[in-house]
Every structure is written in C-alpha cells, then in structure tokens.
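Take a look at the structure below.
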Amino acid sequence: MEQITRIGMDTSKNVFQLHGVDAAERPVLRKRLTRREMIRFFEKLQPTVVAIEACGSAHHWARLLGSFGHEVKLIAPQLAKPYVKRGKNDAADAEALCEAMNRPSMRFVPAKGAEQQAALMLVGMRTRLIKKRTQLANAIRGFAAEFGIAAATGMCRIEPLLDRIAAEETIPELARDLFALHGQEYAQLQHEIKRIEAKVMEWHRNDECSQRLARIPGVGPIGASLLMMKAPDPRMFKSGRDFAAWIGLTPRDHSTAGKLRLGSITRAGDELLRSTLVVGATAVVQHARRTGGRNASPWLLGLLERKKPKLVAVALANKIARIAWKLMVSGDQYRKADTPSAVAA
C-alpha cells in the first residue's frame, strides 16, 4: 500500500469502489469496499491523494478523509465523464476519477465545511418551503375556479380569497371545510417561512461581507447571503468575468473555423444563485422602466433602448456578479457607478 500515489473513489450509500496507481502509473489497487471497510482502509493507509466525484455526501467524505491526513480533491461529474473509457460501472468511474485528477488543467471543487453546509441547508429549506407554498396557492386557485371564484395574482391575495370562499354560501359545506384545511396548511407554511427567513437575516447580519454585498442594487439580503454561502473563495477566480462564467451568466460559445457563435447563457454553476441574481436584476430593470430611468445608470438605459427587458436583466445580473466579486476580493464598499471612485468589475 506504500506504493500508492493517488486513488480514485466512486462513492454511493454503502458501496465504494477504489482504483489506485503507483508512481509509474500502474494500477496497484482495485477494491470494492463497504462503508465501514472503506473508513478502516483509509485510517490505516499512508497519506495520499484521493479523488472523489463532487456529488451527494462528497464534502463529508472530503472532511473525514482529510482528518486522516489524506489530500482530497473533488471533481465535477461533467469533468470526469470524458475519462470513462467504455461503458458505465463503478470500477470505470473510479478509474476515470483517478485519471482525471492527474490532468494539469483539471479544475477542482473546494470542499465545504460543516458550518457552510449548515448555512446551505438553511437556504435549501427556505427554497423547498417556498415551492411548497406556491404549489398550495396554485391548488387553492384551481379549486376556487371550479366554483367560479377568481382572485388577482400574488401571494397576498390567497388569504382574502380563502375568506371570500368561507363566506360564500353557494359553495357546498364539504368544499368549504376542505378550503379551510388548505387555509390552515397555508398559514402554517407562512409561519415556517418567516422563521427560516429570520434565521437567514440573522446569518446575514453576522457576516460583514454579506452586508456590503446587500448594498448592490438588485442583490439584497437573500442574494448577498447566497453569494457568501454558495460561492467558493473569490480569489480562485482571475477576474469578475470568470466568476460570472462560473455562475453561468455568460453566453455559450460554439465557435469554429474562426467564426464567433455565441448562444444563450451556459447555465453552469448553481441554479438557485443564478436565478436569484436574475430576479434581482429584473426588479432593477422594472423599476427603471416604471420611473422613466430615474436614478438608473446610462449603461442600463442605453441597453434598454436596444434590447428586450429580459436580455437586459440577464446582462445586468452578469454585471452584478462581477461587482460582487470585486467587493468580495477588495473588501470595498459599493458606490454608485456614476461617482468618480466607483467600484469597477
């Protein structure tokens, strides 16, 4: 076992496939271990480099194996897939991870700490509750439409809608009882969402960088918290453009024969972070259109004259990401772009 220089490990809930090579790149380890056997194996093994696919529980294994003295490198699945020679099985995946980690240009996913994952669990729970509330609100509207009752759009209209239904005597008693049960569930969801958002705000107030990011128009406390929780060390990126590309806010490049062909945004990175930035940018664009461009930057107004609002919102989200990267790296405060000392991304 002293000859092993690096190991690729394909993980699952209970079965772990290992593929190790020596200094001459010869395979010297091919093992299929259970969860307990894998832990005992790495406890006794001399410190080495281990590659794991960045998937569910990967950060936990990175922390655990790191505590044994091993250097753990997490690889995104899409970057390891090209090294699978043929077919799809655990042994081939482990070998591909072992091969991919040795490439000079390979990019690795930073391992998250337990506190960072707890914070991500917080925003994940908020997202799940909001989706559940939206689903319930749509169900209430759909059932109400069956009895000829409609309400204006918006979550703020759901409770008045339930009050109208409760007072409508033409609706059968059974239906009114069921609407009352929906109302109780909706109220419970509202209460849980407020509790979770209070915890998010508490986390935001305790983070100095998050408070600085929240001052960027279109970011706010939720967007700033997500940027701090989900983004890796900003110094890993060479520029704000690289950071925006990591989020997935840059055009997809499909150029060939010297012809530049750019498509829609790549949608790489984290979906929740990207969508939050786009929603915030959309709010800024809508405000600029409603107010006739008051307090809006000349860049934004010029873009609105040439492009559709949705395209402008995505472009603005890209710019917000670059500004956020600059603030995280430099530690500066946000200042309006029209000031001489404005922060440039």
In whole percents, the bins of 10 Å from zero upward hold the Cα-Cα pairs of region 189-232 as 30, 51, 19, 1
Rounded to the nearest whole number, the per residue volume of the convex hull around the C-alpha atoms of region 228-328 in Å³ is 118 Å³
Rg from C-alpha atoms of region 229-280, normalised by the globular rule of thumb 2.2 N^0.38 Å, equals 1.28
Taking the convex hull of the alpha-carbon atoms of region 34-88 and averaging its shadow over every direction gives an area in square nanometres of 4.4 nm²
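Residues of the chain: accessible area per residue at 1.4 Å, in Å²?
That works out to 59 Å² for each residue.
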With every protein chain kept in place and a 1.4 Å probe, the residues Trp203, Trp299 fall, from largest accessible area down, as Trp299, Trp203
Cα-based Rg then Dmax for region 149-223, in Å, read 18.5, 56
Plugging the Cβ-Cβ distance of Leu311 and Ala114 into 1/(1 + (r/R0)^6) at R0 = 56 Å yields, to the nearest 0.05, a FRET efficiency of 0.90
For region 87-184, the Debye formula with one identical point scatterer on each Cα and no solvent gives log10 I(q)/I(0) at q = 0.11 Å⁻¹ as -0.59
With region 1-56 reduced to its Cα atoms and the Debye formula applied, log10 I(q)/I(0) at q = 0.17 1/Å amounts to -0.51
For region 274-337 the translational diffusion coefficient, Stokes-Einstein from a Kirkwood Rh over Cα pairs at 25 °C and viscosity 0.890 mPa s, in µm²/s, is roughly 201 µm²/s
Its Cα gyration tensor gives region 1-136 an equivalent ellipsoid whose semi-axes in whole Å, largest first, are 30, 17, 14
Scaled by the rule-of-thumb 2.2 N^0.38 Å, the alpha carbon Rg for region 131-265 gives a ratio of 1.61
Once normalised by the length of region 189-344, the mean sequence separation of its alpha carbon contacts under 8 Å that are 6 or more apart gives a contact order in percent of 24 percent
Measure of exposure for His70: accessible area at 1.4 Å probe, Å² rounded to 10, is 10 Å²
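What relative contact order, as a whole-number percentage, does region 40-101 give when Cα pairs under 8 Å and 6 or more residues apart are counted?
34 percent
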Here the percent of antiparallel bridges among DSSP beta bridges lying wholly in the chain, to the nearest 5, is 65 percent
For Ile265, other-chain or 5+-apart residues with amide H closer than 5 Å (H placed, Pro excluded) are Arg252
Ranking Met201, Met236 from most to least accessible area with a 1.4 Å probe gives Met236, Met201
For Ile193, the accessible surface traced by a 1.4 Å probe with all protein chains present amounts, in square angstrom to the nearest 10, to 10 Å²
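Based on DSSP H runs of at least 4 residues, each adding -39500 (n - 2.57), what is the mean residue ellipticity at 222 nm of the chain after dividing by all its residues, to the nearest 500 deg cm²/dmol?
Counting only the DSSP helices, I get -17500 deg cm²/dmol.
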At q = 0.11, 0.22, 0.23, 0.25 Å⁻¹, the log10 of I(q)/I(0) for region 47-127 from a Debye sum over equal Cα scatterers comes to -0.33, -1.02, -1.07, -1.17
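If R₀ is 30 angstrom, what is the calculated FRET efficiency for the pair Thr170 and Arg289, using the beta carbon separation as r and rounding to 0.05?
0.10
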When every protein chain stays in place and a 1.4 Å probe is rolled, Asp177, Asp90, Asp163 sorted by accessible area with the largest first are Asp163, Asp177, Asp90
Quick calc, Asp207 & Ala150: beta-carbon distance into FRET formula, R0 41 Å, rounding 0.05, result 0.45
The percentage of the accessible area of the chain (probe 1.4 Å, all protein chains present) made up of carbon and sulfur atoms, to the nearest whole number, is 52 percent
Residues meeting the amide H criterion for Val21 (H placed from the backbone, H to H distance under 5 Å, 5 or more places apart or on another chain) are Thr5, Arg6, Val28
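The values are calculated or read from the model by the stated rules, or taken from the named source; none is laboratory data. Since this is a predicted model, take the numbers as computed values, not measurements. When we count neighbours, we look across all protein chains shown, and the Cβ atoms used for this are built from the backbone with ideal geometry, even at glycine. Each accessible area value is taken on the protein alone, full model and side chains, heavy atoms only, with ligands, DNA and RNA left out. Shrake-Rupley method; radii C 1.70, N 1.55, O 1.52, S 1.80 Å.
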